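*Asks:* Let me give you the structure first, and then I'll get to my questions.
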């Protein structure tokens, strides 16, 4: 391998470090950075590369390179690391976009076998390969899921406003006290700003909102036409159906988000739609919830599909529609927040959602400040986006933006 290429890798790293954001995602402090092989997965544009570079800067050690570089692909990860290890005494390697490298699982195994005193930190923008492959490397790889920015992270970065990190259990048990103590830090305009345009970390680097939506559109197209197309060998004519499904999810009422209804609107059979939605869920663009039967206490086959975050909804609406669905915005935000936890959320047969927390079931109805529930069951809460402080069993929606 030419020494010139090693210099290229290190010069690229130095250039990236110079323009590095000082803001750290909350996940940064939760990672066991001493583990031999770490994998950080999540959507494109949420800050995985930045986090890896921040770690290099903080520790003053490690070499970064990305597998979307054609020279890396041509030379091979093993050969690059072998050169850096033998000739430059490097032992910590940050490998970005690992899912783009063919047979990466075997290569990583070979590296850990051949260089047992090295450390590898991997990232994958597409959750498809890396999560599925982690089963083969389950004893070697410590896997972390990175989510989009939380409301808490956004307020800290943009306005230097600090909110507490909360668990869902803490919100349920102490929402009155917590909301009262922090209500002065919550402004409706800030919350709307987050919902519309600040779920993705790269938004912090873009001045104009319109430019952000264009970049987000490009990211979605790359996920669909590059990541998904390559993994599932889908033809372009079939791939376009994925975009149609995403557009529908941004513009139809929650009651219409069934597989049968979507299949009719995109003119495909339900089996194909089921397959496509599974793909979209695996790449982090949608959340799929099953319906819960409160009589039999069983999950039903019926499912509902939601976009994974409110920025996606706003992007599709800006491009194709002027329709507004405040209720859907609320629900997408709530689901996105709950998905940060290990708790299972499903569709309730009468209210909106039911969540199992330590073998105890809690029911949530999402709405405005005037929302009411008649004959309310035990452990039922209304989640409202029009209040700052809890009122009885009514919890402010913004409070769920503190879940981490």
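*Asks:* Cα axis of helix 77-88 to longest principal axis of the chain: angle in degrees, 0 to 90, nearest 10?
*Replies:* 60
*Asks:* Mind ranking 367-378, 334-345 by how tightly packed they are, going by the mean number of other C-beta atoms within 10 angstrom, highest first?
*Replies:* Values: 367-378: 11.3, 334-345: 18.4.
Put in order of decreasing packing, that is 334-345, 367-378.
*Asks:* With a ≥ b ≥ c taken as the square roots of the eigenvalues of the C-alpha gyration tensor of region 256-404, please select rounded if a/c is under 1.5 and otherwise prolate if a/b is larger than b/c or oblate if it is not? Provide the component values of the computation, followed by the final result.
*Replies:* Working: a/c = 1.79, a/b = 1.30, b/c = 1.38.
Oblate shape, in that a/c is at least 1.5 and b/c is the bigger or equal ratio.
*Asks:* How big is region 347-395 on each of its three principal axes, counting only the C-alpha atoms and giving the largest first in Å?
*Replies:* Result for region 347-395: principal-axis Cα extents of 29, 20, 17 Å.
*Asks:* To continue, here is another question. Please work out how much length the chain gains when fully extended from residue 14 to residue 174, using 0.36 nm per residue of separation minus the C-alpha to C-alpha distance, in nm with one decimal. Write down the numbers at each step before the final one.
*Replies:* Working: separation 160, 0.36 × 160 = 57.60 nm, distance 4.63 nm.
Residue separation times 0.36 nm, minus the Cα-Cα distance, leaves 53.0 nm.
*Asks:* Which shape class applies to region 3-145: rounded if a/c is under 1.5, otherwise prolate when a/b exceeds b/c and oblate if not, where a ≥ b ≥ c are the square roots of the Cα gyration tensor eigenvalues? Show your work: numbers first, answer last.
*Replies:* Working: a/c = 1.35, a/b = 1.02, b/c = 1.32.
Since a/c stays below 1.5, the shape of region 3-145 is classed as rounded.
*Asks:* Let me ask something else about it. Stretched out fully, how many nm does the piece from residue 61 to residue 344 gain, at 0.36 nm a residue minus the Cα gap? Write out the running numbers ahead of the final one.
*Replies:* Details: separation 283, 0.36 × 283 = 101.88 nm, distance 3.92 nm.
Full-extension gain reported as 98.0 nm.
*Asks:* What distance in nm lies between label points placed 7 Å from Cα along the C-beta direction at residue 161 and residue 359?
*Replies:* It is 4.0 nm.
*Asks:* Can I ask one more? Okay, helix-only estimate at 222 nm for the chain: each DSSP H run of n ≥ 4 adds -39500 (n - 2.57), divide by all residues, round to 500 deg cm²/dmol; what do you get? Write out the running numbers ahead of the final one.
*Replies:* On the way: 16 runs with 177 residues, N = 404.
Result for the chain, helices only: -13500 deg cm²/dmol.
*Asks:* How many nm is it between the label spots at residue 211 and residue 302, if each spot is 7 Å from the Cα in line with the beta carbon?
*Replies:* Calculated label separation equals 4.7 nm.
*Asks:* Next question. Once a ≥ b ≥ c are taken as the square roots of the eigenvalues of the Cα gyration tensor of region 151-402, is the result rounded (a/c under 1.5), prolate (a/b larger than b/c) or oblate (a/b not larger than b/c)?
*Replies:* Values: a/c = 2.01, a/b = 1.23, b/c = 1.63.
Oblate, because a/c is 1.5 or more while a/b does not exceed b/c.
*Asks:* Also: Once both axes come from the Cα atoms, what is the angle between helix 310-320 and the longest principal axis of the chain, in degrees from 0 to 90, rounded to 10?
*Replies:* Between the helix axis and the principal axis of the chain, the angle is about 90 degrees.
*Asks:* Please give the helix 188-197 orientation as an angle from the longest Cα principal axis of the chain, in degrees from 0 to 90, rounded to the nearest 10.
*Replies:* 50
*Asks:* Residues of region 82-123 with amide nitrogen under 19 Å from the 7 Å Cα-to-Cβ point of residue 143?
*Replies:* Flagged as within label range: 95-110, 112, 120-123.
*Asks:* With the radius of gyration and the Kirkwood radius both derived from the Cα set of region 131-273, what is their ratio Rg to Rh? Could you put the intermediate results ahead of the total?
*Replies:* Numbers: Rg = 19.8 Å, Rh = 19.1 Å.
Taking Rg over the Kirkwood Rh, I get 1.04.
*Asks:* Output the peptides 102-108, 233-239, 381-387, 148-154 sorted from most to least packed, where packing is the average of other Cβ atoms within 10 Å over each peptide's residues. Could you put the intermediate results ahead of the total?
*Replies:* Working: 102-108: 16.7, 233-239: 11.9, 381-387: 21.4, 148-154: 24.3.
Descending mean neighbour count gives 148-154, 381-387, 102-108, 233-239.
*Asks:* If r is the Cβ-Cβ distance from residue 192 to residue 5 and R0 is 56 Å, what FRET efficiency results, to the nearest 0.05?
*Replies:* 0.70
*Asks:* What's log10 of I(q)/I(0) for region 24-87 at q = 0.12, 0.15, 0.18, 0.20 Å⁻¹, Debye sum over Cα points only, no solvent?
*Replies:* Evaluating at q = 0.12, 0.15, 0.18, 0.20 Å⁻¹ gives log10 I(q)/I(0) of -0.38, -0.59, -0.83, -1.00.
Only the coordinates and a few stated rules stand behind these numbers; no lab work does. Because the structure is a prediction, the values reported are computed rather than measured. Reconstructed Cβ throughout: ideal geometry from the backbone, glycine too, with neighbour counts over all protein chains shown.
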